[in-house]
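Here is the structure we will look at.
The values are calculated or read from the model by the stated rules, or taken from the named source; none is laboratory data. If you're wondering where the values come from, they're calculated on a predicted model, not measured in any experiment. Backbone-built Cβ (ideal geometry, glycine too); neighbour counts: all protein chains shown.
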Amino acid sequence: MILEIVQYGHPALRAKGSRIEKIDSNIRQLAEDMLETMVDADGIGLAAQQIGRPIQMCVVDVAGVSDRPSALRINGQAVDIEDHMPLILINPEVETFGKSRSGVEGCLSFPGLRGDITRPYSVKVKAKTLDGDITFEADGLLARAIQHEHDHLHGLLFIDRMEPTQRKELEPKIEMLHQR
């Protein structure tokens, strides 16, 4: 089922998500609905906060994105990203490393708004999935998407990471979204 994506100004977007203690049929259905919603919106990531549910779950899928490369390593071995997408991450712990790089980001909760965000190029992730625990490292777009969604799980938004001058330039658009 396609869910409504809340927009900037909704209180769930600033809420730190509660941990998920039990993966039951409701969580499984929510994950499926979030994936369907993300695909329908042409996104590569979606956090539960963006559908009004402040819990620690997000979905990410960078399969088929060729203009912004990604890499994925499990147990130190490079694996084919296509074989591991989509990712459903529950209670993720994210550690960043590597040089930081600037890149354009958008957000499904900020339709039409994009900005340059500087983030570390790589992440190490430890999380639960619907089928058990997972630990992996990622680079590039996948690492950026995971950091973006992980921020959502803690009530942080990509506009919070913008350089002050860029944020000031975009403030009229941000305010229009907030007033909707």
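Odds and ends about this structure:
- Top-ranked residue in the range 1-20 [being over 16 Å from the mean Cα position of the chain (by Cα) and over 14 Å from Gly155 (Cβ atoms); ranked as surrounded by the fewest Cβ atoms within 10 Å (Cβ to Cβ)]: Met1
- Members of the range 149-175 that are under 17 Å from Ile5 (Cα atoms) and modelled with pLDDT under 95: Ile174
- Note on the range 68-86: residues that are closer than 20 Å to Arg119 by Cα and among the hydrophobic types (A, V, I, L, M, F, W, C) total 2.
- The range 76-90, residues that are farther than 18 Å from Ser122 by Cβ, within 14 Å of the chain's Cα centre (by Cα) and not in a loop (DSSP other than H, G, I, E, B): Ile88, Ile90
Yes/no matrix, rows are residues, columns are (1) surrounded by fewer than 16 Cβ atoms within 10 Å (Cβ to Cβ); (2) without any contact (Cβ under 8 Å) to a residue 24 or more places away in the chain; (3) closer than 25 Å to Lys126 by Cβ; (4) not aromatic (Phe, Trp, Tyr):
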{"site": "Lys22", "(1), (2), (3), (4)": "yes, yes, yes, yes"}
{"site": "Arg28", "(1), (2), (3), (4)": "yes, no, yes, yes"}
{"site": "Gly64", "(1), (2), (3), (4)": "yes, yes, no, yes"}
{"site": "Ser70", "(1), (2), (3), (4)": "no, no, yes, yes"}
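- Here Lys168 clears all of (1) outside any helix (DSSP H, G or I); (2) among the basic types (Lys, Arg); (3) without any contact (Cβ under 8 Å) to a residue 12 or more places away in the chain except the condition numbered (1).
The rows are residues; the columns are (1) polar (S, T, N, Q); (2) touching a residue at least 60 places away in the same chain (Cβ under 8 Å); (3) under 21 Å from Gly98 (Cα atoms).
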| position | (1), (2), (3) |
| --- | --- |
| Pro111 | no, yes, no |
| Arg114 | no, no, no |
| Val123 | no, no, yes |
| Lys126 | no, no, yes |
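- Complete set of residues in the range 157-180 that are closer than 21 Å to Gln50 by Cα and of a type in the set (Val, Ile, Thr): Ile159, Ile174
- Residue within the range 94-107 that is small (Gly, Ala, Ser) and closer than 22 Å to Leu30 by Cβ present: no
- Enumerated strands (runs of 3 or more DSSP E) restricted to the range 13-75, each holding at least 1 residues that are touching a Phe, Trp or Tyr at 6+ places or on another chain (Cβ under 6 Å) and either among the β-branched types (Val, Ile, Thr) or at positive phi (or both): 70-74
- Residue check, Glu93 of a type in the set (Asp, Glu) and either assigned to a loop (DSSP other than H, G, I, E, B) or in contact (Cβ under 8 Å) with a residue 12 or more places away in the chain (or both): yes
- Checked against (1) over 22 Å from Arg161 (Cα atoms); (2) surrounded by 19 or more Cβ atoms within 10 Å (Cβ to Cβ); (3) not hydroxyl-bearing (Ser, Thr, Tyr), Val125 passes all but a single condition, namely (1).
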